[in-house]
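Below is one structure, written out as structure tokens; the observations come after it.
The values are calculated or read from the model by the stated rules, or taken from the named source; none is laboratory data. What you see is a predicted model, and the numbers here were worked out from it, not measured in a lab. Please note: Cβ atoms are built from the backbone with ideal geometry, for glycine as well, and neighbour counts cover all protein chains shown.
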Amino acid sequence: MCRELGGELLWQSPWLRVVLANEPDYPGWLRLIPQTHAAELTDLSPGVRQALWLVLHATEGVLRRVMQPHKVNLASLGNQVPHVHWHMVPRYRDDRHFPDSVWAAPRREVSAEHGQRAARASDLGPALQQALQPWAQGVAA
């Protein structure tokens with residue numbers, strides 16, 4: 001996450017970026033990635049931690065409005081990539097894994113709604129640019 005974008009860049013500031021993960025079965029899967037390397041949330045400065053939660057909240061609002069999921073899953077694992085980041089996954093009752101984790105064994109084939117969801121995902125970038133404008137600059141340490 002330090003050397004690679006981690007997906008298609010939708011928004012960035014000097015301290016954070018939001019990328020589209022390009023997970024084929026999950027249109028709209030976002031990752032929020034701090035620009036500075038930190039293995040754990042407690043490694044980030046208090047100002048960055050506070051701003052991160054505000055951006056996480058605003059990003060979830062955009063994801064819900066644009067993608068219209070039944071649920072949003074948030075995950076911060078870091079076992080394979082020891083860099084603080086969040087997965088923000090729009091979930092639907094008919095997605096491949098619902099109600100299980102997206103990392104579980106699939107329960108069904110891709111939904112007939114998949115194409116419509118993929119089309120809506122293309123609206124995430126402009127919507128995030130507008131919603132996250134207040135955090136486009138640096139944040140207090």
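Could you tell me whether the range 113-131 includes any residue that is modelled with pLDDT under 95, part of a loop (DSSP other than H, G, I, E, B) and in contact with an Asp or Glu (Cβ under 8 Å, 6 or more places away or on another chain)? Yes, the range 113-131 has at least one match.
Contact map, the range 11-32: first residue under 18 Å from Ala131 (Cβ atoms), second residue of a type in the set (Asp, Glu) and in a strand (DSSP E or B), Cβ cut-off under 8 Å, separation 6 or more or different chains; pairs are Val19/Glu8; Leu20/Glu8.
Residue by residue, here is whether (1) over 27 Å from Arg117 (Cβ atoms); (2) not hydrophobic (A, V, I, L, M, F, W, C) holds:
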{"site": "Ala38", "(1), (2)": "yes, no"}
{"site": "Thr42", "(1), (2)": "yes, yes"}
{"site": "Pro46", "(1), (2)": "yes, yes"}
{"site": "Gln50", "(1), (2)": "yes, yes"}
{"site": "Leu54", "(1), (2)": "no, no"}
{"site": "Gly61", "(1), (2)": "no, yes"}
{"site": "Val66", "(1), (2)": "no, no"}
{"site": "Pro69", "(1), (2)": "no, yes"}
{"site": "Asn73", "(1), (2)": "no, yes"}
